[in-house]
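Colleague: This is the structure I have questions about; it appears just below.
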Amino acid sequence: MHVDDPIALLRREHDEALAALDRLESGAHNLAAPGARQAVDQAVAFLDNEVRGHNEREEEVLFPMMERYMPAQAGPTAVMRAEHRELWDLLGSLRAALAGSAPDPAPVRATGLAVVDLLRRHIEKENAILFPMAEQMLAPEEMAQVARGMERLIAARTAK
């Protein structure tokens with residue numbers, strides 16, 4: 001896959017994640033409704049695969065480039081990394097709540113909605129704050145390096 005504009009790619013991926021969050025939210029509210037369990041399972045699978053790859057590209061390529069100009073340990077990228085970890089912890093709890101043929105709807109609802117809330121807020125921060133910062137601070141050649149790094153990571157994930 002060729003990446004012309006890495007920030008545009010990340011924003012498109014955010015739009016896809018928001019659509020998955022809508023499905024997760026709807027299914028988690030009423031797990032007994034027809035198709036709800038399937039919607040939740042599909043949303044969890046999407047988050048676990050696509051959003052995980054997205055976060056990997058941010059953490060391994062975009063964030064290090066931005067950290068040339070800002071503190072890595074206490075800056076915005078550190079906050080984003082911490083939220084990524086929190087998301088994966090919550091997603092693990094959601095998978096555990098979904099285990100079995102008849103999961104208890106209360107923990108699925110609570111954990112599913114926590115995932116939805118966290119990731120929606122996270123995406124808003126990246127779209128409104130982090131990505132504009134990257135577009136302002138990174139020179140065209142640095143953005144091209146980010147794009148090439150993302151291409152490599154996408155190719156590696158596709159080859160798995």
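Here, each number is a calculation from the coordinates, and none is a lab measurement. Since the structure is predicted, the reported quantities are computational estimates derived from the model, not experimental observations. Glycine gets a Cβ as well: all are built from the backbone with ideal geometry, and neighbour counts include every protein chain shown.
Colleague: Can you pull the one-decimal nm distance between simple spin-label points at Ala144 and Arg120, each 7 Å off the Cα toward Cβ?
Modeller: 4.1
Colleague: I need the calculated FRET efficiency for the pair Asp41 and Ala110, taking r as the beta carbon distance and R₀ as 25 Å, to the nearest 0.05. Each step should come with its number before you reach the end.
Modeller: On the way: r = 17 Å, r/R0 = 0.69.
Efficiency, rounded to the nearest 0.05: 0.90.
Colleague: Across segment 30-46, in residue order, what do the Karplus-derived ³J(HN,Hα) couplings come to in whole Hz, using 6.51 cos²θ - 1.76 cosθ + 1.60 with θ = phi - 60° and x for Gly and Pro?
Modeller: Coupling constants for segment 30-46: 8, 4, 7, 5, x, x, 5, 4, 4, 4, 5, 4, 5, 5, 5, 4, 4 Hz.
Colleague: Just want to confirm a number: the relative contact order over the chain, from Cα pairs under 8 angstrom separated by 6+ residues, in percent.
Modeller: Numbers: 123 pairs, mean separation 60.5, N = 160.
With pairs under 8 Å counted, the relative contact order is 38 percent.
Colleague: Now for a separate question. Applying the Karplus parametrisation 6.51 cos²θ - 1.76 cosθ + 1.60 with θ = phi - 60° to the phi angles of segment 79-85, what ³J(HN,Hα) value in whole Hz is obtained for each residue in order, glycine and proline being reported as x?
Modeller: 5, 5, 4, 5, 5, 4, 4
Colleague: Where a ≥ b ≥ c are the square roots of the eigenvalues of the C-alpha gyration tensor, would you call segment 81-160 rounded, which needs a/c under 1.5, or, failing that, prolate if a/b is larger than b/c, or oblate?
Modeller: Values: a/c = 4.51, a/b = 1.87, b/c = 2.42.
Cα axes put segment 81-160 in the oblate bin.
Colleague: Could I ask something else about it? Quick one: Karplus J couplings for segment 97-107, per residue in order, coefficients 6.51, -1.76, 1.60, θ = phi - 60°, nearest Hz, x for Gly and Pro?
Modeller: 5, 7, 4, x, 7, 9, x, 5, x, 4, x
Colleague: Suppose R0 equals 22 Å. What FRET efficiency, 1/(1 + (r/R0)^6) with r the Cβ-Cβ distance, do Ala96 and Asn30 give to the nearest 0.05?
Modeller: On the way: r = 20 Å, r/R0 = 0.92.
For R0 = 22 Å, the calculated efficiency reads 0.60.
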